[in-house]
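This report concerns only the one structure given below.
The values are calculated or read from the model by the stated rules, or taken from the named source; none is laboratory data. Here the structure is a predicted model, which is why all the values come from computation and not from measurement. Cβ sites come from the backbone with ideal geometry, for glycine too, and all protein chains shown count toward neighbours. Each accessible area value is taken on the protein alone, full model and side chains, heavy atoms only, with ligands, DNA and RNA left out. Shrake-Rupley method; radii C 1.70, N 1.55, O 1.52, S 1.80 Å.
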Amino acid sequence: MIHVEKFYINGATLEIELAESFLSRLRGLMGRRRLKEDCGLLLAPCNSVHMLFMRFAIDVIYLDAEFRIKKIVRDLTPWLGMSVCLGAWGALELPSGAAERFNLSVGQQFTRT
């Protein structure tokens, strides 16, 4: 089951779906047409993503267990893209361009409610 929590960074509020079960992580964003601007999906635990069966590009923000940014992958291409971050605890999938729009950088930390 996926539930939604609010995450905060750089004055922005994001509604993040948490995919914590094997099946919810496996499905991820496959089959969706898009993500809303201030929404995302956190796959945890997860240190890699693929873009098979995806319809739109995404930014992937790799996090440690304290929600600190370890790596940012921008504009991952549908069907062809793949990304890995060894040592990451989770992968936050956001709409393409979100990393720039929210001024994200490695080392910053998300907070959540």
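What to note about this one:
- Checking GLY40, GLY87 one by one, the residue that is in a loop (DSSP other than H, G, I, E, B) and either modelled with pLDDT under 90 or out of contact with any Ser or Thr (no Cβ under 6 Å at 6 or more places or on another chain) (or both) is GLY87 and no other.
- Screening segment 10-50 for residues that are within 20 Å of VAL106 (Cβ to Cβ) and more than 14 Å from the chain's Cα centre (by Cα) and picking the one that is surrounded by the fewest Cβ atoms within 10 Å (Cβ to Cβ) gives GLY11.
- When segment 68-83 is filtered for residues that are open to solvent by less than 30 Å² (accessible area, probe 1.4 Å) and of a type outside the set (Gly, Ala, Ser), the ones remaining, listed by number, are ILE69, VAL73, LEU76.
- Contact annotation: residue pairs with Cβ atoms under 8 Å, 6 or more positions apart or on different chains, pairing a residue in segment 94-105 that is hydroxyl-bearing (Ser, Thr, Tyr) with a partner that is crowded, with 18+ Cβ neighbours inside 10 Å, are SER96/ILE58; SER96/ASP59; SER96/LEU76; SER105/ILE69; SER105/ILE72.
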